[in-house]
Each structure stands twice: as structure tokens, then as C-alpha cells.
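**Student:** Let me begin by handing over the structure; questions about it come next.
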Amino acid sequence: MTIHTRVAVIGGGVVGCSILYHLAKAGWTDVLLLERSELTSGSSWHAAGNLFALTRPSNAQRLQVYSIDLYAKLEEELGQSIGFHRTGGLHLAASNDEVITLANNRARARRNGVEAEWIDFEDAKAMAPILDTTSLKAILWEPKKGSVDPSSATHAFATAARGRGAKIRRHTPVTATIPRPDGGWIVTTPEEDIHADFIVNAAGLWAREVAALAGITLPLMPVEHHYLVTEEIPEIAAMDKRLPVISESEAAYYSRQEGNGLLLGAYEKSCHHWAVDGTPLDFGHELLPDDLERMEANFETACDRMPALGRAGVKRVINGPMIFSPDLGPLLGPHPDLRNYFCACGVMTGFNQAGGIGRTIAEWIIAGEPEMDLNFWDVARYGKWASKKFTFERTKYYYENRQERPFPHLENSSGRPVRTFPAYDLQAAKGAVFGMNNGWEQPLWFAPAGIEPRDIYSYSRQNWFDVVGRECNNVRENVGVFEISTFAKYRVTGPSSEKWLSHLLAGRIPKQSGRISLCPMLSPSGRIIGDLTVTRLNDETFMLFGAGTMQGQHMRWFMSHAIDGIAIENLSDQWAGLMIAGPKSRALLERISWHENVSNNMFPFLTAQRLELKAMPQALCLRLSFAGELGYELYGPAQFQRALFSSILAEGEDLGIAPAGARALSSLRIEKAFPSWGLDLSPDYTVMEPGIDWTVDWSRDSYIGADASRVARKAGRKEIFTSLSIAAQDADCSGGEPVFRDGQYAGYVTSGAFGYTVEKSLALGFLKPEAYEPNATIEVEINGTRRQGQIQSGPAYDPKGEKMRD
């Protein structure tokens with residue numbers, strides 16, 4: 001027998017139950033949750049249940065605030081307690097760097113209205129009599145912190161979902177998931193087959209196994225995690241209210257009241273993976289053998305801060321598995337290789353995020369998109385390059401380094417390199433310090449002789465500051481060469497290609513071969529989901545370039561809207577590129593090509609040509625530059641990139657050629673006030689807020705999001721994108737810093753850098769319309785200190801764009 005359901009949610013942990021609840025709450029009551037054992041089996045039942053709102057990025061914070069607030073509403077809806085305690089929490093800082101970390105977290109939270117305040121030690125001890133502040137520098141109070149009972153919360157979602165008409169089947173393992181031609185699925189169980197319009201993989205510890213049933217692999221790896229619960233502590237028992245949550249990030253422990261004792265959890269310095277090759281199907285409500293020696297260092301520090309902990313007996317020890325992605329963030333959304341198959345896996349702080357994730361997945365299924373940018377957690381952010389080894393090494397690193405401070409420009413080398421472009425060894429020989437971009441090694445800066453090629457992190461300007469300045473100045477004065485192979489590169493061919501692009505993109509599709517247009521891609525609600533450069537090669541062929549980190553999302557969107565008469569190829573891994581930029585780049589292009597005429601008349605701005613380069617036959621050359629100078633992007637098959645890099649350096653030696661990295665490019669584009677995808681452009685905005693409405697072809701109404709974008713245009717800008725100059729002293733903005741005008745919160749920074757050409761610290765960001773006034777004085781909070789600045793009337797460098805068109 002086969003039954004039908006609109007959505008089959010696989011997995012009965014807190015995330016799966018929340019998804020079911022939010023689907024039913026939105027009116028989709030014909031939905032079914034399948035749980036192989038009992039609800040909460042796996043990780044949910046043994047979770048600590050801690051709740052907090054101070055986190056990043058901003059939209060993760062929004063989801064966590066929603067989740068925390070939802071628990072009180074669930075208690076009201078059901079008329080019963082679910083063990084929700086909004087006790088507030090104390091963040092302890094024992095070093096100056098940790099004080100800055102907390103100050104930055106507090107500052108960034110202003111965007112979402114999340115409160116956090118510094119309190120003095122006596123007030124802290126009044127809240128938490130077990131606290132010894134002798135070795136502390138500062139304490140930050142977060143009112144939203146608290147805890148919830150894991151089992152009660154999970155069952156509350158389940159009960160509320162059932163009350164709205166959803167169904168739950170326990171002891172119903174899924175044994176097969178078979179795609180149907182109509183985009184639906186057959187979900188096989190021992191009792192019956194289920195025809196589901198959508199599947200949600202919320203299987204927690206078994207997410208890998210459920211994914212394998214559909215023929216996909218998810219980059220997930222389980223690790224062991226300890227916490228202990230003490231016997232009664234007299235100081236806690238004597239309190240007339242609950243103890244606040246107490247945590248210390250740099251010591252990697254957290255604690256909260258449990259009964260009249262204390263629950264203490266730790267991210268041990270030695271990560272132990274579990275079930276690397278697959279989660280046992282008979283695992284459920286079991287625990288793993290404990291090994292308290294692993295958390296000895298965390299425990300000693302916690303005892304120093306809370307001496308009563310050291311005097312208490314241990315009541316029980318919990319060592320249970322959790323499952324993580326390589327960056328410890330959830331894997332959410334439609335899988336790019338499957339139709340109507342959603343993921344909600346790898347949720348590290350499940351009870352902190354379950355409410356928000358449940359709402360998000362329900363929105364995504366019903367409306368086709370979530371209401372906020374979630375690319376940072378999108379399952380599509382990891383391609384097939386995210387191997388088992390990479391996942392193992394990254395989960396190990398991030399688990400063992402939970403106390404690592406979020407310094408600006410932070411990278412880590414674990415699991416790398418994964419992928420390298422052909423010029424990698426030549427760049428390394430030039431002193432390149434690499435970061436990772438979509439699995440590829442990308443030069444960040446080039447250390448000259450005598451300077452160690454590595455990042456030394458701090459909250460002030462870092463060891464590469466002067467070197468990057470020289471790279472920027474050389475681009476402005478001579479010519480530099482940049483690695484740009486990380487950009488996404490797509491070829492669209494066929495008789496219907498122009499028709500398809502006109503529907504897919506809101507910009508002006510080039511009508512003539514060799515022309516280039518900048519085109520936003522919009523969702524049906526008019527929000528920006530892509531920022532693409534479109535080049536027409538001939539009547540039926542176009543090249544599209546975009547952010548490399550968005551390949552999975554781009555291809556998912558392209559294929560879901562594909563039509564007959566087109567072919568879409570992702571050439572991102574097969575093609576490589578280099579950009580030359582600077583006033584001498586035209587002279588260099590002439591030298592590296594075979595007798596090509598690249599004069600301004602023959603090769604004007606925003607055009608593309610096939611050029612016969614000495615080291616790259618029939619290279620595709622685009623005349624544009626993210627650096628804001630005369631520049632050319634050179635693309636072709638990756639096999640030629642190494643020779644092209646060598647040719648550029650050799651032919652440009654007397655022109656002052658020098659390699660430049662991603663940090664130099666960031667500084668250069670911020671001087672030009674060019675917005676960058678993922679920082680200044682995202683689905684949180686329509687084309688109006690970042691001021692890219694000039695790229696829209698308003699004469700057309702056939703593109704996706706046309707009606708919504710017109711509504712946004714009529715309503716005007718909800719926020720205004722602008723450039724800021726700041727008297728920053730020893731630290732520049734990196735993104736998220738709050739902006740104040742006349743002492744009142746006015747907006748936020750999205751990216752920042754020092755502008756070496758204009759000799760100013762610069763930032764890009766969004767201001768409230770009422771706060772925006774060119775040349776007005778503002779303040780920006782950097783590392784806990786408000787620095788005076790000014791709203792710029794336009795780009796700090798070459799505001800008319802004459803350099804690019806020269």
C-alpha cells in the first residue's frame with residue numbers, strides 16, 4: 001500500500017519535530033514525521049539544552065533569538081512547562097583579548113536589538129554566589145541566556161504539531177528513498193511506501209545513512225562530547241532564584257544549574273571522533289564510555305572561577321555523540337543534486353537553533369525561499385571537494401579550538417590544501433600566504449624576502465598590513481596580477497539562451513557579441529540571490545561569472561529554471577583565470593599577446609574579446625576590474641594558467657609587475673565603494689538597498705522577481721549603502737561594527753579595510769535613511785571603542801570611474 005503526504009520529515013530529534021511543527025503551523029497539515037526509534041534518539045536526548053543569543057553571523061543570531069523566544073510561546077500554547085529557564089548568563093573574560101571579543105559580540109548584536117551589558121564583579125557575585133572573580137578582567141551579562149529541558153522541548157514541538165494535524169510515526173525506519181519523475185519521492189518503510197512531495201533529511205546522527213539512500217554524500221562527522229552533573233552545591237541550594245548560565249569561551253567550558261547542582265560541559269582539547277564510517281543503526285539512547293581526563297584542563301579553570309565546583313561530588317557523567325559539518329554549521333536547504341530533497345543536518349546547538357531552523361525549512365518548502373540570507377549554512381556551500389578526510393580534519397580542528405578568538409581575516413590550515421590551481425607552486429615561490437575559497441587555495445598576500453609568509457592574528461592591524469599596502473600602491477602606480485580562478489564560470493548555449501537569461505536575470509542582457517553587462521539575479525520576492533557578470537560571445541552563447549562560493553546555489557537555481565533549447569555548463573573547475581590591473585596593464589596585455597590591438601578604441605571598457613595570448617590560446621579577455629583601475633580578466637582552460645602566470649611576470653618585469661592577493665583587492669575595491677557578494681550583497685536586500693538598481697532593466701517585466709522589485713523601487717530604500725571614512729587608529733573595520741550618529745544607533749558596517757591610496761581607514765555599510773547625510777559626522781565602534789568618522793559622498797577613490805575607462 002502507498003499513502004501520500006506533502007512532506008516526509010525523516011528524524012524525530014528536536015530539529016525534525018520543529019520542522020513538522022512549523023509546517024503544520026503554516027497550514028501544511030498533511031505532513032508526516034518518521035522516526036526509526038523513539039523521539040529524541042541520537043543526540044537530542046542527552047544535549048545540555050543551553051541557550052544563548054550572542055553569536056555571529058547576524059542572521060544566525062536572529063534564528064537563535066527566535067528559537068529562544070519560541071519556548072515561552074510553546075509553554076503558553078500547550079499550557080505546560082517544558083523546563084524553559086531564561087536565567088540570563090555571565091560571559092567571563094580573563095584576558096584583554098577576550099574582553100575585546102566580548103565587546104565586539106556585544107557591538108554586533110545591536111543590529112538585531114540583542115542586549116548585553118558589562119556588569120561589575122559585585123553584581124556578578126550577587127547573581128552567582130559561587131563565582132570567584134579574582135583572575136577575571138571583565139564580565140558581560142547576556143539577559144537572553146538560559147536553558148531548556150531537551151526531552152520536554154522535543155516532545156513539545158511534537159505535541160504541538162500533532163495538535164495542528166501533523167502525524168508522527170515512531171519505530172518506523174526508512175529503508176529506501178526513490179525519486180519519482182514528477183519530482184516527488186517514494187519513501188519506503190517496513191510497513192508501507194509513502195509518496196512524498198518533499199523529503200526533509202533531519203536524521204541527526206543518521207543523516208549520512210539517510211543521504212546515502214538518495215545517492216548523495218553529506219560532509220558530516222560525529223564526535224564525542226562530555227559534560228558532567230554535580231551533586232548538590234550548598235551555595236546553589238541556598239539561592240532564591242536560579243543560577244545564571246556561566247561560560248568562558250577562552251577556556252572552552254559552559255555551565256548552568258541542574259537541580260541544586262551544576263552542569264559543566266567542555267570542548268576538550270583532544271577531539272575524539274566516533275562512528276567515522278557510519279552510525280550504528282541500533283544506537284539510540286545509549287551513551288559512550290566517559291573519559292574525564294580529556295576535560296581536566298577545562299575543569300581546572302572552571303574550578304578556579306567557581307571554587308564550589310571543586311568541592312562538589314560528581315553525580316553523573318555524560319559522553320554522547322554529536323554530528324558536525326566541516327565548519328560546525330548546519331547543512332540546510334534543498335540539496336543541489338536532487339529535486340525536492342531538503343537537508344536539516346549537522347545542527348551543533350540544536351536547542352538553540354531548532355526553532356529558527358524549523359521555521360526556515362518550512363518557509364523554504366512552502367514559499368520557495370527563506371525570509372533571510374542563509375547562504376552561510378546552505379547545504380550547497382560544500383561541493384564534492386569536501387571529502388571525508390577534509391571533514392574529519394576540520395571538525396577536529398574546530399572542536400579542539402572552540403576557544404579560538406574570531407580575529408579579523410582568520411584562516412586555518414586544517415585539512416588543506418584540498419584543491420590548487422596550476423600556478424599555485426609559482427605563487428608559493430613568490431611568498432604567497434594562502435586562504436581557502438570554495439576548497440581552492442587562494443593567495444591572500446605575498447610576503448617579500450625577510451618576512452615570514454604566515455598570518456599573525458590580532459585585533460589590531462596584522463603583520464601583513466604594510467605588505468598589502470605596497471601591493472595596492474603598485475596596482476595604482478604600475479600593474480599587478482591577481483588570482484581570480486575562484487570566480488564561478490558558466491557557459492550557456494542554445495537557441496533559447498537569450499530568452500532564458502532574460503527570464504532568469506533582472507539586468508540588461510547584452511545584445512551584441514563582445515558586450516558585458518552586470519546583472520542581478522532575483523528571487524520571486526525581489527531579493528538578490530546572485531550578482532553576475534554576463535558576456536555575450538555570439539548569437540547563442542553567453543558566459544556568466546559570479547562568486548565562486550555560490551556555485552552550488554547558482555547551479556541549483558539555474559537547473560530548477562532550465563528550459564528546452566539551452567545547455568548550462570559549469571566550467572569553474574575546468575577554467576582558470578588571472579587579472580592584470582593598473583595603468584600599465586594595457587602595455588602588459590600587448591606584450592603577452594600575439595600582435596593584438598588592445599587600444600581603448602579597439603578594446604573599450606565593458607567588452608570582451610577572444611585574444612591569442614602567447615601562453616593561452618584563444619583566451620577569453622574581459623575588460624573590467626574590481627580594483628577600479630584599467631584592468632583585464634583573462635580566462636581559459638586551467639592547463640594554460642601556470643604558463644600564463646610566468647609569461648605575465650616575465651613580460652611585465654620592467655613595467656613593475658608584482659603579484660597581489662585577495663586582501664589587496666579588498667582594499668582597492670573598498671576605495672571604489674564596490675559592493676562584494678556575501679559581505680555587502682546578499683538575499684537580505686533588494687536591488688534598492690545596496691544601490692545596484694541601476695543595473696536592472698526596468699523596461700522589462702519578464703524576469704523573476706520583477707513585480708516585487710518594482711514594489712521595492714516604489715517604496716524606496718529601507719537602508720542606504722554608503723562609504724564611511726573612520727579615524728580608526730590601529731584597527732580597521734572588518735564587518736558587523738555598529739555605526740552611531742548623534743549617539744544613536746544608525747546602521748552597521750558590512751566590510752572594511754585601510755585605503756592605502758587615499759590614506760584613510762574605510763568601511764562600507766548600511767545606514768537608516770534618516771541617519772544618512774553626506775559628510776555628516778558619525779561614530780563606528782571598533783574593538784569596544786567608538787571612533788569618529790564621516791559619511792562619504794561617494795567612492796573615496798576616482799569617484800567618476802575614469803581610471804577604469806582610460
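**Student:** Going by average Cβ neighbours within 10 Å, how do the peptides 291-304, 634-647, 667-680 rank, with the highest at the top?
**Tutor:** Packing order, densest peptide first, comes out as 667-680, 634-647, 291-304.
**Student:** So which lysines pass the test for Lys511, namely a Cα distance under 24 Å, with those fewer than 8 places away in the same chain ruled out?
**Tutor:** Lys489, Lys499
**Student:** How large is the translational diffusion coefficient of the range 637-781 in µm² per second when you combine the Kirkwood radius over alpha carbon pairs with Stokes-Einstein at 10 °C and 1.306 mPa s?
**Tutor:** Diffusion coefficient, whole number: 90 µm²/s.
**Student:** What FRET efficiency comes out for the pair Leu518/Ser458, r = Cβ-Cβ distance, R0 = 45 Å, nearest 0.05?
**Tutor:** That gives a FRET efficiency of 0.80.
**Student:** For a quick protection proxy, order the peptides 195-204, 375-384, 65-74, 116-125 by their average other-Cβ count within 10 Å, most packed first.
**Tutor:** 195-204, 375-384, 65-74, 116-125
**Student:** What whole-number volume per residue, in cubic angstrom, does the convex hull of the C-alpha atoms of the chain give?
**Tutor:** Per-residue hull volume (Cα only) is 159 Å³.
**Student:** Using a basic spin-label model with each label point 7 Å from the Cα along Cα→Cβ, how many nm lie between Arg170 and Thr541?
**Tutor:** 6.2 nm
**Student:** Using amide H atoms built 1.01 Å from N in the peptide plane, name the residues 5+ places from Gly261, or on other chains, whose amide H lies under 5 Å from its own.
**Tutor:** Amide H neighbours of Gly261: Ile233.
**Student:** Okay, next question. Principal axes first, then extents: for the Cα atoms of the range 1-133, list largest minus smallest coordinate on each axis, whole Å, largest first.
**Tutor:** 66, 31, 27
**Student:** Under 5 Å between amide hydrogens, which residues at least 5 positions from Asp697 or on another chain qualify, with H placed 1.01 Å from N in the peptide plane?
**Tutor:** Gly507, Arg508
**Student:** What is the Å³ per residue value for the convex hull set by the Cα atoms of the range 607-648?
**Tutor:** Per residue, the Cα convex hull of the range 607-648 comes to 73 Å³.
**Student:** Give, rounded to the nearest 20 debye, the magnitude of the charge dipole that the range 330-390 has about its Cα centre when Lys and Arg contribute +1 at Cβ and Asp and Glu contribute -1 at Cβ.
**Tutor:** Magnitude of the dipole: close to 420 debye.
**Student:** Rounded to the nearest Å, what's the spacing between the alpha carbon centres of the range 481-539 and the range 1-65? Just the number, please.
**Tutor:** Value for the Cα centre distance between the two parts: 37 Å.
**Student:** Then there's this: Might you report the magnitude of the Cβ-based charge dipole of the range 160-199 about its Cα centre, with Lys and Arg at +1 and Asp and Glu at -1, to the nearest 20 debye?
**Tutor:** 320 debye
**Student:** Below 19 Å, Cα to Cα, which aspartates and glutamates can Lys389 reach? Residues fewer than 8 away in the same chain don't count.
**Tutor:** Cross-link targets: Glu209, Glu224, Asp277, Asp327, Glu400, Glu411, Glu441.
**Student:** In addition: So if I take the centroid of the Cα atoms in the range 649-707 and the same for the range 201-257, what is the distance between those two points in Å?
**Tutor:** 40 Å
**Student:** Can you work out ³J(HN,Hα) from phi for every residue in the range 385-399, in order, using Karplus 6.51 cos²θ - 1.76 cosθ + 1.60 and θ = phi - 60°, giving whole Hz and x for Gly and Pro?
**Tutor:** 5, 7, 6, 4, 5, 4, 4, 4, 5, 6, 5, 4, 4, 5, 5
**Student:** Something else: Among Pro336, Ser734, Leu131, which residue has its Cα positioned farthest towards the positive end of the charge dipole of the chain, with +1 placed on the Cβ of Lys and Arg, -1 on the Cβ of Asp and Glu, and the dipole taken about the Cα centre?
**Tutor:** Sorting the options by dipole projection puts first Pro336.
**Student:** Taking all pairs of different Cα atoms in the range 322-438, averaging 1/r and flipping that mean, what Kirkwood radius in angstroms comes out?
**Tutor:** For the range 322-438, inverting the mean 1/r across all distinct Cα pairs yields 16.2 Å.
**Student:** With all pairs of different alpha carbon atoms counted, what Kirkwood hydrodynamic radius in Å does the range 283-339 show?
**Tutor:** 15.2 Å
**Student:** Sticking with this one: Would you pull out the residues with amide H under 5 Å of Ala447's amide H, same chain only if 5 or more places away, H placed 1.01 Å from N?
**Tutor:** Those lying under 5 Å, H to H, from Ala447 are Ala432, Val433.
**Student:** How large are Rg and Dmax for the range 135-190 when only the alpha carbon atoms are used, in Å?
**Tutor:** When restricted to the Cα atoms of the range 135-190, Rg and Dmax are 21.0, 65 Å.
**Student:** How big, in percent, is the set of alpha carbon pairs in the range 386-485 lying more than 20 Å apart?
**Tutor:** For the range 386-485, the share of Cα pairs beyond 20 Å comes to 47 percent.
**Student:** Under 21 Å from the Cα of Lys672, which lysines turn up, not counting those fewer than eight places away in the same chain?
**Tutor:** Filter leaves Lys584, Lys760, Lys800, Lys803.
**Student:** With a 1.4 Å probe and all protein chains left in place, how much accessible area per residue does the range 318-364 have, in Å²?
**Tutor:** Averaged over the residues of the range 318-364, the accessible area is 17 Å².
**Student:** Another one. Got a sec to turn the phi values of the range 503-514 into Karplus ³J(HN,Hα) couplings, 6.51 cos²θ - 1.76 cosθ + 1.60 with θ = phi - 60°, whole Hz, x for Gly and Pro?
**Tutor:** Working through the residues one at a time gives 7, 6, 10, 8, x, 7, 6, x, 8, 10, 4, x Hz.
**Student:** In addition: Find the centroid of the Cα atoms in the range 356-377 and in the range 757-806, then give the distance between the two in whole Å.
**Tutor:** Centre-to-centre distance over Cα atoms comes out at 33 Å.
**Student:** Right, next: Run through the DSSP bridge list for the range 541-697 and note the antiparallel percent, rounded to the nearest 5.
**Tutor:** Approximately 95 percent, going by the DSSP bridge assignments.
**Student:** Pop a pseudo-label 7 angstrom from the Cα along the beta-carbon direction at both Glu477 and Asp120 and give the gap in nm to one decimal.
**Tutor:** Spacing of the two 7 Å Cα→Cβ label points: 5.4 nm.
**Student:** Please state the charge dipole magnitude for the range 418-538, taken about the Cα centre, from unit charges on C-beta atoms (+1 on K and R, -1 on D and E), reported in debye and rounded to the nearest 20.
**Tutor:** 700 debye
The values are calculated or read from the model by the stated rules, or taken from the named source; none is laboratory data. Remember, predicted model here, so these are calculated numbers, not experimental data. Counting neighbours? That spans all protein chains shown, and the Cβs are built from the backbone with ideal geometry, glycine included. Areas reflect the complete protein model, heavy atoms only, side chains present, ligands, DNA and RNA absent. Shrake-Rupley method; radii C 1.70, N 1.55, O 1.52, S 1.80 Å.
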